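Okay, structure first, notes after.
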Amino acid sequence: MTDQLMSALFLLALLLYLVPATFQLGERSVWFQRGAVLTLGIAIAIALAQSIIWFVP
């Protein structure tokens, strides 16, 4: 389940980066970039938590 969640989060982050460049949204692209950074931050936090759970018995 975590693998699918991580894949979905990275795909969402990629889409948030590509949508403003594709449609040339101008000033609104800042919000898309912030959303992408937040999404990547959440994915990294989940990955770190899973790593800690896996290494610590």
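Hey, any idea what % of the chain's accessible area is carbon plus sulfur with a 1.4 Å probe?
Numbers: 3370 of 4690 Å².
With neighbouring chains kept in place, the figure for the chain is 72 percent.
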Report summary line: Whole-Hz Karplus couplings 3J(HN,Hα) for the stretch 41-57, θ = phi - 60° and coefficients 6.51, -1.76, 1.60, Gly and Pro as x, run x, 5, 4, 5, 5, 5, 5, 5, 5, 5, 5, 5, 4, 6, 7, 9, x
Requested in this report: State the label only: which of [x] 37, 27, 12; [y] 40, 17, 8; [z] 49, 17, 10 corresponds to Cα extents along the principal axes in Å computed from the shown model?
Outcome: [z]
Report task. With everything on Cα atoms, drop me the angle between helix 2-23 and the longest principal axis of the chain, reported from 0 to 90° to the nearest 10. Result -> 10
Report task. Please give the calculated 222 nm ellipticity per residue for the chain, where each DSSP H segment of at least 4 residues contributes -39500 (n - 2.57) and the sum is spread over every residue; nearest 500 deg cm²/dmol? Result -> -30500 deg cm²/dmol
Report task. Only Cα pairs under 8 Å and at least 6 apart count here; give the relative contact order of the chain as a rounded whole percent. Result -> 37
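The values are calculated or read from the model by the stated rules, or taken from the named source; none is laboratory data. Predicted, not measured: the structure shown is a model, and the values here were computed from it. Side chains are part of the model used for accessible areas, which takes the heavy atoms of the whole protein and leaves out ligands, DNA and RNA. Shrake-Rupley method; radii C 1.70, N 1.55, O 1.52, S 1.80 Å.
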